Amino acid sequence: MARMRKEPNSAPRHGVARVLSKRGVCSRTQAAEWVRAGRVRVNGRPVRDPEFPVRASDRVEVDGQAVAAAERIIVMLNKPRGLTTSTRDEQGRDTVYRCFDGAGLPWLAPVGRLDRASEGLLLFSNDPQWAARVLDPASGPDKTYHVRIDRIPDAELLQRLVAGIDCDGERLSAKSAGLLRHGSKHAWLEIVLDEGRNRQIRRLLAACDIAVLRLVRVAVGGLGLGDLPKGAWRRLAEPEIALLGVPA
């Protein structure tokens with residue numbers, strides 16, 4: 001009779017809360033809460049330490065149900081204005097998760113953020129490693145925005161946005177900035193960023209005494225928002241995911 005091969009003691013281990021997050025069950029913070037509440041078992045043994053070490057071969061259960069690695073899901077949402085990009089808001093305001101009510105999706109985390117007043121293309125995934133590659137400023141995809149401002153820009157202003165401005169100890173700049181169209185008092189710009197600093201476009205324009213009237217993310221890498229209705233979402237197919245230019 002053949003013996004079962006034992007997993008070497010040197011096999012990588014990770015904290016049980018991290019393992020639950022990687023398997024797409026919930027966020028790492030939520031997993032830690034479940035562990036402390038006594039809802040998690042490893043190989044039949046209750047654990048209450050979120051950092052309890054787990055190997056890939058260990059059986060992990062939540063409320064008596066085994067948790068296996070989930071299928072990777074990547075979703076695109078056309079985020080409306082007025083929603084916060086978080087799982088819950090301390091002030092009780094609506095979050096982007098309202099758009100998924102009744103959808104029956106597994107736990108998904110936002111891949112990056114859009115502030116409450118901004119709208120447009122927002123990605124979600126249950127694969128934190130893939131999400132980290134998307135957000136990596138060195139290798140992640142560019143983000144394209146259409147921005148309505150309160151004046152008609154001249155060439156000097158557009159050049160200044162690309163050259164960069166010192167703001168609150170940070171150097172803020174756009175990869176490119178161009179005029180899309182304008183009326184008598186307002187204009188639409190197309191601004192491309194290759195990094196994702198907090199409220200970067202709003203701060204950059206404010207430093208030039210320009211008010212943002214509307215800000216819409218229209219593309220991430222080669223993936224465009226298209227005609228997806230406001231507040232609607234859809235799961236991305238593999239060819240669309242490839243447009244982001246990020247390894248699977």
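The values are calculated or read from the model by the stated rules, or taken from the named source; none is laboratory data. Since we're looking at a predicted model, the values are computed, not measured. A quick note on method: Cβ atoms are made from the backbone with ideal geometry, for glycine too, and the neighbour counts reach across all protein chains shown.
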- prompt: Are there any pairs with C-beta distances below 9 angstrom linking a residue in the range 235-247 that is at negative phi to a residue that is in a helix (DSSP H, G or I), with the two at least 6 apart or on different chains, and if so which?
  reply: I241/W130; L244/V134; V246/W130; V246/R133; V246/V134; P247/W130; P247/R133
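Pick from E195, E190: which is in a loop (DSSP other than H, G, I, E, B) and charged (D, E, K, R)? If you could, list the steps in order and put the result at the bottom.
On the way: E190 fails: in a loop (DSSP other than H, G, I, E, B).
Result of the check over E195, E190: E195.
Test A103 against the criterion of being of a type in the set (A, V, I, L, M, F, W, C), over 26 Å from R72 (Cα atoms), assigned by TED's automatic domain parsing to the domain that holds L236 and part of a loop (DSSP other than H, G, I, E, B), and give yes or no.
Working: of a type in the set (A, V, I, L, M, F, W, C): yes; over 26 Å from R72 (Cα atoms): no; assigned by TED's automatic domain parsing to the domain that holds L236: yes; part of a loop (DSSP other than H, G, I, E, B): yes.
It is false that A103 is of a type in the set (A, V, I, L, M, F, W, C), over 26 Å from R72 (Cα atoms), assigned by TED's automatic domain parsing to the domain that holds L236 and part of a loop (DSSP other than H, G, I, E, B).
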message: Condition first: without any contact (Cβ under 8 Å) to a residue 60 or more places away in the chain, part of a helix (DSSP H, G or I) and among the polar types (S, T, N, Q). Now tell me which residues in the range 23-50 satisfy that.
response: T29
- prompt: Consider W130 against the criteria (1) more than 17 Å from R197 (Cβ to Cβ); (2) at pLDDT below 90; (3) hydrophobic (A, V, I, L, M, F, W, C); (4) part of a loop (DSSP other than H, G, I, E, B): it satisfies all of them except one. Which criterion is unmet?
  reply: (4)
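Taking the options S125, S118, name whichever one is among the small types (G, A, S), more than 19 Å from R197 (Cα to Cα) and within 15 Å of the chain's Cα centre (by Cα). Talk me through it step by step, then tell me what you get.
On the way: S118 fails: more than 19 Å from R197 (Cα to Cα).
Sole residue among the options that is among the small types (G, A, S), more than 19 Å from R197 (Cα to Cα) and within 15 Å of the chain's Cα centre (by Cα): S125.
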statement: Among (1) within 25 Å of I149 (Cβ to Cβ); (2) assigned to a strand (DSSP E or B), R234 falls short only on (1)
- prompt: Taking L161, is it closer than 11 Å to L205 by Cα and either exposed (fewer than 14 other Cβ atoms within 10 Å of the Cβ) or not acidic (D, E) (or both)?
  reply: yes
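I want to confirm something. Restricting to the range 51-69 and keeping residues that are assigned to a strand (DSSP E or B) and touching a Lys or Arg at 6+ places or on another chain (Cβ under 9 Å), which single residue is surrounded by the fewest Cβ atoms within 10 Å (Cβ to Cβ)?
Going residue by residue through the range 51-69, those that are assigned to a strand (DSSP E or B) are 53-54, 60-62, 65-66.
Narrowing the set further to residues that are touching a Lys or Arg at 6+ places or on another chain (Cβ under 9 Å) leaves 53-54, 60-62, 66.
On the way: P53: 14, V54: 22, V60: 20, E61: 16, V62: 17, A66: 9.
Restricting to residues being assigned to a strand (DSSP E or B) and touching a Lys or Arg at 6+ places or on another chain (Cβ under 9 Å), the top hit is A66.
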- prompt: In the set L215, L179, L172, which member is modelled with pLDDT of 95 or more, within 23 Å of L135 (Cα to Cα) and either of a type in the set (S, T, Y) or not assigned by TED's automatic domain parsing to the domain that holds L123 (or both)?
  reply: L215
message: Which numbered condition in (1) closer than 25 Å to G224 by Cα; (2) out of contact with any helix residue (DSSP H, G or I) (no Cβ under 8 Å at 6 or more places or on another chain) is the only one that A163 fails?
response: (1)
query: If you go through the range 42-87 one residue at a time, how many are within 24 Å of L244 (Cβ to Cβ) and among the charged types (D, E, K, R)?
result: 3
